[in-house]
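**Student:** Below is a structure I'd like to ask you about.
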Amino acid sequence: MERAKIAPLHVDAVVTDSNIRLVQRTLQLAHRIQDIHLRCDIPNINPLLETLAHPNPSLESLIVEIQKPPFEEVYTLPSFPIIGPPLLNLKYMELHSTPFYLLTSRCTNLTRLQLHDLPLIERPTFCNFFSMLQQLQSLEYLTLDRSFPINVESVDLQSFNHRITLSKLQTISLVGSVIEIANTLRYLSLPPSTSLIIKVCSLADLRNNIWRLSQTLNDHCYFSSDEDMETVVLSGQDAGTRFIGNGFDPNPDFRHSFRIRVFRASCDSGGAAIDFTFEPHEDYSDDEMKIMVLIGIMRALPLYQIRTLAVRDIEFMTQKTWSQVLHMLPCIQVLDIQGSPPSGLAWALLLNASLHEQAFKIPEDGGYDKRLFAPRLQDIYLHWVDCSAGGYMTSSAAAVNSYYDLDDSRFLDVLNASLGERRRLGLYLRSLSLDNCEFVMRESVERARRVVLHLISDFRNSVKAGEADEACLARYRGTWNLGHPRISHYYRLRTLAMDSDFPYPYP
């Protein structure tokens with residue numbers, strides 16, 4: 001401190017038994033502290049709480065990270081007043097498992113506030129929390145990560161005088177259960193330009209409350225025009241394998257998450273206007289639940305004018321689910337697919353087009369036939385896609401995949417068939433691009449040339465007909481189930497061609 005003299009001081013320390021007195025003395029005696037970043041456990045933070053509640057007036061940034069104890073431990077209540085003059089320079093506050101009372105009415109100039117993992121016993125009541133939040137009128141970025149008020153679900157909106165208005169808020173990030181997120185958003189009034197980042201990390205009462213979150217999102221998105229929303233990105237991610245060994249015993253360590261992002265056309269920073277992630281920490285592998293959440297959320301979002309649909313590693317959706325999604329996206333012009341191919345999407349386009357006999361042309365007034373999916377689709381891009389991958393048949397018991405019944409129709413063949421049927425109706429695809437795709441059958445590429453105006457392919461990893469494995473028409477990730485006695489293989493595309501009079505030559 002002697003060498004620092006009056007220069008701004010940055011305190012960044014891991015507090016331990018050996019240095020806690022030095023840290024305490026520094027916080028109390030330094031002439032000018034600009035930033036504080038402390039990492040410690042509960043016993044070592046308690047002696048510092050009074051000083052942190054009354055920091056140096058020059059403080060601009062405060063970050064406190066408490067290591068979670070193995071059991072629930074209670075902070076001692078403050079024996080000191082937490083009032084005082086405003087901290088005019090304090091703009092950034094980040095608290096992890098830290099007493100909520102460090103956020104006081106002195107912090108009204110905050111522009112960024114992050115609260116993470118508040119223990120239940122430390123969480124404020126609804127009235128205390130929103131009374132504090134209402135004072136933060138300079139707030140631009142707000143994060144509540146498993147740090148919601150303890151009784152938010154029991155508060156009646158009609159009895160609450162008004163919603164909290166945060167007129168300068170640019171981004172709000174919420175991590176928690178469906179009921180916590182939905183009820184918190186109900187009491188906030190956000191500018192139309194505010195970016196929503198939501199992560200559902202718990203299955204607590206999900207089925208009974210997903211409608212509540214969907215309705216709340218619809219209320220917030222209703223006031224922002226969907227005309228500037230241009231792109232929606234659907235992405236999935238697996239952690240582990242779904243089944244154990246070569247059978248169908250569920251893997252308790254399997255986790256699957258999906259993400260929905262909606263981007264504005266005017267977004268220069270690359271951030272999504274709406275970013276929703278479903279990643280519960282509990283053990284689950286229920287495709288029906290994922291579909292319920294995905295459809296419920298998408299119905300609440302402003303998707304009518306979306307021009308680009310990007311799909312990243314989405315396998316759990318059947319053509320029934322994709323049909324619901326495509327109904328919400330009547331204006332898409334670009335389809336961008338990367339990773340695991342969405343077989344259900346190709347089948348939804350094919351079956352929808354095959355139901356119509358009369359030639360179709362887009363009206364001059366710019367309208368469209370609501371019976372047809374994506375009538376304005378012009379370009380399809382495939383990146384790193386296994387074009388010979390097979391799909392799954394729909395379960396007879398529910399609108400989800402049956403992992404016992406495999407569809408050996410190759411993805412690119414099904415996509416070609418859908419484009420051929422759409423061309424018959426007057427819907428011409430301008431271009432099909434294959435970039436770094438795997439196991440591209442040469443005959444499939446030649447069929448694609450006949451149904452699109454422009455074909456762009458780097459012909460990497462292309463396979464001739466004689467080089468393909470005749471014993472396995474389509475490819476599947478791994479070999480956990482291919483030889484299992486319960487597995488049934490279908491060649492759905494060939495069956496459809498045999499049962500119908502299609503001009504397009506199926507394999």
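No value in this document is a laboratory result; all are computed from the given coordinates. Keep in mind that this is a model prediction, so the values were computed, not measured. Heads up, the Cβs are rebuilt from the backbone with ideal geometry, glycines too, and the neighbour counts pull from every protein chain shown.
**Student:** From Cα coordinates alone, what are the radius of gyration and Dmax values for segment 363-440 in angstrom?
**Tutor:** 15.5, 47
**Student:** Moving on to the next point. Using Cα atoms only, what is the angle between the long axis of helix 287-300 and the major principal axis of the chain, expressed in degrees (0 to 90) to the nearest 10?
**Tutor:** The angle comes out at about 80 degrees.
**Student:** Counting only other residues whose beta carbon sits under 12 Å from that of Arg477, what net charge do I get with K and R as +1, D and E as -1?
**Tutor:** Working: positive: Arg242, Arg475; negative: Asp238, Asp313, Glu315, Asp386, Glu438.
Net charge in that neighbourhood comes out at -3.
**Student:** For all pairs of alpha-carbon atoms in segment 208-344, what percent lies in each bin of width 10 Å, listed from the first bin to the last filled one?
**Tutor:** Taking all Cα pairs of segment 208-344, the binned fractions are 11, 41, 34, 12, 3, 0 percent.
**Student:** Also, I was wondering about something else. Quote to one decimal, in nm, the extra length available between Ile121 and Arg376 on full extension: 0.36 nm per residue of separation minus the C-alpha distance between them.
**Tutor:** Details: separation 255, 0.36 × 255 = 91.80 nm, distance 5.44 nm.
Between Ile121 and Arg376, full extension yields 86.4 nm more.
**Student:** Moving to a separate point now. Once label points are set 7 Å from the Cα along Cα→Cβ at both Asn46 and Glu438, what is their separation, rounded to one decimal in nm?
**Tutor:** Here the answer is 5.5 nm between the modelled labels.
**Student:** Restricting to Cα pairs below 8 Å that are 6+ residues apart, what does the relative contact order work out to for the chain? Please round to a whole percent. Write out the running numbers ahead of the final one.
**Tutor:** Details: 1029 pairs, mean separation 39.3, N = 507.
Once normalised by length, the contact order is 8 percent.
**Student:** Under a crude label model (7 Å from the Cα following the beta-carbon direction), how far is Ser395 from Asn218 in nanometres?
**Tutor:** Simple spin-label model gives 2.6 nm for this pair.
**Student:** Give me the number: length gained by fully extending Ile487 to Asp286, i.e. 0.36 nm times residue separation minus the C-alpha to C-alpha distance, one decimal in nm. Don't skip to the end; give the middle numbers.
**Tutor:** Details: separation 201, 0.36 × 201 = 72.36 nm, distance 2.00 nm.
Between Ile487 and Asp286, full extension yields an extra 70.4 nm.
**Student:** Principal axis lengths of segment 28-71 from Cα atoms, whole Å, largest first?
**Tutor:** 37, 17, 13
**Student:** Find the lysine pairs in the chain meeting two conditions, Cα atoms under 15 Å apart and a separation of 8 or more places or different chains, and report how many there are.
**Tutor:** Pairs that pass both the separation and distance tests number 4.
**Student:** Still on this structure: If you project the alpha carbons of the chain onto their three principal axes, what span does each projection cover, largest first, in Å?
**Tutor:** 85, 55, 47
**Student:** How much FRET efficiency would the formula 1/(1 + (r/R0)^6) give for Gln67 and Met498, where r is the Cβ-Cβ distance and R0 is 45 Å, rounded to 0.05? Walk me through the numbers before you get to the answer.
**Tutor:** Working: r = 65 Å, r/R0 = 1.44.
Efficiency computed from Cβ-Cβ geometry: 0.10.
**Student:** Please give, to one decimal in nm, the separation of the simple spin-label points placed at Leu88 and Ser189, each 7 Å out from Cα toward the Cβ.
**Tutor:** Between Leu88 and Ser189, the label points sit 3.0 nm apart.
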